[in-house]
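Accompanying notes for the structure given below.
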Amino acid sequence: MNEAILPILIGLVIGAVIGFVVFKAIEKSKGKKLLNNTKKQAAAILKEAHKDAESIKKDKILQAKEKFIELKSEHEKVILAREKKMSDVEKRIRDKESLVSSEIDKNKRLNKSLEQKEKEYDYKIEFLEKKENELEKIHNRHVDMLEQISGFSAEEAKKELVASLKDEAKTEAMAFVQTTIEEAKLTAEQEARKIILGTIQRVGVEQAVENCVSVFNLESDDVKGRIIGREGRNIRALESATGVEIIVDDTPEAIILSCFDPVRREIARLSMHKLVTDGRIHPARIEEVVKKTEKQINQEIIEVGKRTVIDLGIHGLHPELIKIVGRMKYRSSYGQNLLQHSREVANLCGIMAAEMGLNPKLAKRAGLLHDIGKVPETESELPHALLGMQWAEKYGEKDEVCNAIGAHHDEIEMKYLISPIIQVCDAISGARPGARRQVLDSYIQRLKDLENIAFEFNGVQKAYAIQAGRELRVMVESGKVNDTKAAELSFNISQKIQNDMTYPGQVKVTVIRETRAINVAK
């Protein structure tokens with residue numbers, strides 16, 4: 001048994017030894033392979049590292065070259081810009097040098113030409129002086145010859161010529177007077193008819209009388225003499241200060257104030273009432289009272305405008321527009337009071353806008369302001385609709401209101417719905433029976449044109465058309481117009497009226513020149 005186990009153990013030991021040897025041999029071979037593989041991998045990694053290093057080196061070199069090229073190009077651009085700037089400066093310097101040289105050459109040529117012209121001018125002056133002396137000698141010889149031939153001296157010949165011219169002027173004046181008389185005879189019948197028709201109209205139509213004439217009632221006829229004054233000085237002062245014709249006739253306890261402008265007429269009426277109540281009536285007091293009354297009327301105009309906008313429920317209206325609304329009380333349109341017409345149009349517009357579902361307050365506002373262009377303080381060439389639109393725009397009214405004012409006579413295009421409403425209501429108010437008379441409006445416009453013609457001449461201070469446009473009274477500044485020029489001015493105004501206007505009959509032009517010396521005792 002033991003013998004049998006022994007060989008087995010020996011075999012096992014031998015096998016183990018052989019296995020160990022084999023195992024070591026195998027491990028050694030594996031280690032060599034692993035070492036070789038590691039060496040190969042290290043060589044590959046090293047090779048790859050060399051490749052990467054070469055590529056990085058090339059990239060860095062390339063980047064450095066690009067940066068160098070970029071810096072070089074920027075440097076070249078800066079150098080080129082500097083060179084261009086220097087060349088531009090050099091060019092401007094050369095241009096200026098050439099310009100200066102050309103100016104110098106031009107000045108030299110001008111100096112030469114001026115010297116030449118001075119020589120020519122001196123020669124011409126010398127020549128003209130010689131000719132003048134020769135002409136004077138010839139003229140003296142001719143005068144001597146004429147005196148010898150005619151038997152008159154030069155002074156006597158002048159007197160004879162003046163006398164002949166006077167005779168000729170008298171002849172022409174007589175011919176003019178004769179022509180005027182003949183024209184008056186030819187138009188006498190026509191004038192008589194017009195006077196009769198005017199009388200019938202003034203009596204038959206109450207509105208025309210209200211628009212042109214005011215009656216000032218007196219407590220007694222004794223006051224008339226005080227109003228007229230010594231040799232009429234008080235009544236002349238009143239007419240000059242107010243521009244109103246004052247008619248004192250046989251009507252008991254009444255004086256008639258006639259003027260186409262209601263504001264002037266109202267100022268005259270109130271002034272006369274104050275003077276009669278106070279009892280002191282003389283030219284200085286008249287001027288003082290008229291000035292105070294003008295201020296009072298201006299304040300009343302503002303109050304009338306405020307009451308009107310309050311009555312119509314219109315808010316936020318500019319103070320200047322309120323003043324213009326107040327002035328409409330003293331204006332008429334074809335015989336119809338302008339303020340009453342505007343209030344009527346405003347109410348009609350409010351009702352019509354409410355029926356159509358529009359803003360009645362805005363329509364009322366436009367209706368009240370639609371004719372404000374008819375009351376300018378100074379004359380304007382614009383139609384009243386466009387002038388009113390300009391005022392409304394100036395004082396901050398809305399576009400709807402401005403368009404309605406400017407378009408109610410089709411001067412501009414209608415852009416809003418209230419514009420045709422204003423136009424329709426304006427036509428309704430003016431078309432009702434007895435509302436307007438076109439004759440009166442054209443008559444008032446003719447009187448305004450008559451006054452404006454006088455203001456076209458220098459030195460005119462005031463101008464009033466009176467006697468229904470048959471007389472124009474012009475007050476001039478005594479410092480600018482003397483007596484001779486006053487007569488000449490009267491003639492020139494009459495000629496301009498004759499050439500520029502169409503009117504019935506004749507217009508008398510009266511130029512008044514007054515000199516006042518005023519001192520104050522303290």
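Where a number appears in this text, it was derived from the coordinates with a stated rule and is not lab data. Computed from a prediction, not measured in an experiment: that's the story for all the values here.
A few notes on this one:
- With a threshold of 21 Å on the Cα-Cα distance, the over-threshold entries among 91/112; 462/508; 485/508; 291/462 are 91/112.
- 20 Å Cα-Cα reach of residue 77 towards aspartates and glutamates, excluding residues that sit fewer than 8 places from it in its own chain: 66, 88, 90
- For residue 60, the lysines whose Cα falls under 22 Å of its own Cα, not counting residues fewer than eight places away in the same chain, are 47, 51, 72.
- Semi-axes of the equivalent ellipsoid of the stretch 64-117 are 51, 4, 4 Å, computed as sqrt(5λ) over the eigenvalues of the C-alpha gyration tensor in descending order.
- Entries of 130/159; 85/106; 361/398; 295/448; 323/398; 295/361 with Cα pairs more than 21 Å apart: 130/159; 85/106; 295/448; 295/361
- Debye log10 I(q)/I(0) at q = 0.21 Å⁻¹ for the stretch 5-143, Cα point scatterers: -1.19
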